[in-house]
1. For Pro115, state whether it is at pLDDT below 95 and either in contact with a Gly (Cβ under 9 Å, 6 or more places away or on another chain) or crowded, with 18+ Cβ neighbours inside 10 Å (or both).
2. Could you tell me whether segment 186-207 includes any residue that is within 25 Å of Phe145 (Cα to Cα), in the same structural domain as Arg128 (by TED's automatic domain parsing) and loosely packed, with under 14 Cβ neighbours inside 10 Å?
3. How many residues does segment 294-353 hold that are basic (Lys, Arg) and either in contact with an Asp or Glu (Cβ under 7 Å, 6 or more places away or on another chain) or at positive phi (or both)?
4. With the checklist (1) free of Cβ contacts under 8 Å to residues at least 40 places away in the same chain; (2) in a loop (DSSP other than H, G, I, E, B) in hand, flag the one item Ser87 doesn't pass.
5. Could you tell me which numbered condition Glu246 fails, if it satisfies all but one of (1) within 26 Å of Leu319 (Cβ to Cβ); (2) loosely packed, with under 15 Cβ neighbours inside 10 Å?
6. Hey, among the residues in segment 199-236 that are closer than 13 Å to Glu183 by Cα and hydrophobic (A, V, I, L, M, F, W, C), which one's modelled with the lowest pLDDT?
7. Quick check on my filter: what residues within segment 124-181 are surrounded by fewer than 24 Cβ atoms within 10 Å (Cβ to Cβ) and of a type in the set (Ser, Thr, Tyr)?
8. Restricting to segment 66-80, name every residue that is assigned to a loop (DSSP other than H, G, I, E, B) and within 23 Å of the chain's Cα centre (by Cα).
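The values are calculated or read from the model by the stated rules, or taken from the named source; none is laboratory data. All values reported here derive from a predicted model rather than from experimental measurement. Neighbour counts run over all protein chains shown; Cβ positions are idealised from the backbone, glycine included.
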Amino acid sequence: MTFYDAKYTFCVNSLSEPHGGHIPAQRKSAGTVSPIRSVGFLLVPGFALMSYASTVEPLRAANRLAGSELYRWWHAAPGDQPAIASSGAAVLPDFTLGSDAGQLDLLLVCAGGNPAAFNDKRTFAWLRKLARQGVTIGGVSAGPFILAKAGLLVGRRCTVHWDHIPAFQEAFPDVKLTRSLFELDGDRITCAGGVAGLDMMSALIARDHGHELGATVSDWFLHSDVRQGVGPQRMDLRFRLGIDDENVLAALKVMEENLEEPLPRQRLAEFVGVSLRQLERSFRSHLRRGVHEHYLALRLDRSRQLLRETSLTAVEIALATGFGSASQFSRAFRRAFGFPPREALQNERRKRA
């Protein structure tokens, strides 16, 4: 597999390796899940390079540390063209999409950007075919969105990157979506992306070849704090926003959880346990705007996200973000962004065309 960025091209397998002893892979006992040996990566244009690297590099490290080929992998891309990552780097596919996958154990779909705009029927059909053949199907970052569009997550537990959660919930209300780092649900594997891919692959390596090898792979990449799949995707609000006021933090958490049906300011204050006047003062002190202004900004940011990543109408997005009517939504949107939501919708549809 060849990877290149601009004028630079290099072979991933030619990267130098530090020397050291080998970690013997442990055999699985009878009756356990069959170990993963062959992995395919389906790279959807716009995929996040970090998410891809955090899932493929642990396989390379496991082989090196075990001193044997525990894993082999290949890359495919829609249209069999170079897969361009969101960073502009590209990966050349070394496997033809749709061809016989042989003894493939796991296919991971790596996607990013706007997965709602991806509608390649040939890819969807191939994914469903592999699933019928018993291949474990996984998605990384926005990859679970692609799996859901292919109909492969019905009745399954899954996760997706937090940036895609609002659009995912609107598009697939019947899927059991969590906000965890990764989910292993039988023959469906999903990961929120970013460095969580390293946590997930370390868990799979440990499951198949023993805790010591899984831990050593994480250690190889200086990843000393290995996280469980159920861990949160986002850091605590106090660190994300640099705020230590408990009243403001409690109100913000309630706001983020109630964008579709926003709570009145007085209800927020009562929930926090302070007077509305005190809450307003705290918001202006820490966020430089009042409670209503901040709540409105959160809802408008969500609406813009839904405009980008779903096929919902302006009226549906207005309702999903707590506006009583399309006209009320349009006025607030125009004041915030300088153009109406209809214009934003048209621009997004032109990009998808």
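1. Working: at pLDDT below 95: yes; either in contact with a Gly (Cβ under 9 Å, 6 or more places away or on another chain) or crowded, with 18+ Cβ neighbours inside 10 Å (or both): yes.
Answer is yes for this residue.
2. yes
3. Of the residues in that region, 1 qualify.
4. (1)
5. With (1) within 26 Å of Leu319 (Cβ to Cβ); (2) loosely packed, with under 15 Cβ neighbours inside 10 Å applied to Glu246, the lone miss is (1).
6. Within segment 199-236, the match that is modelled with the lowest pLDDT is Val230.
7. Within segment 124-181, Thr136, Thr178, Ser180 meet the criteria.
8. Step one: list which residues in segment 66-80 are assigned to a loop (DSSP other than H, G, I, E, B), which gives 67-71, 77.
Answer for segment 66-80, where residues must be assigned to a loop (DSSP other than H, G, I, E, B) and within 23 Å of the chain's Cα centre (by Cα): just Ala77.
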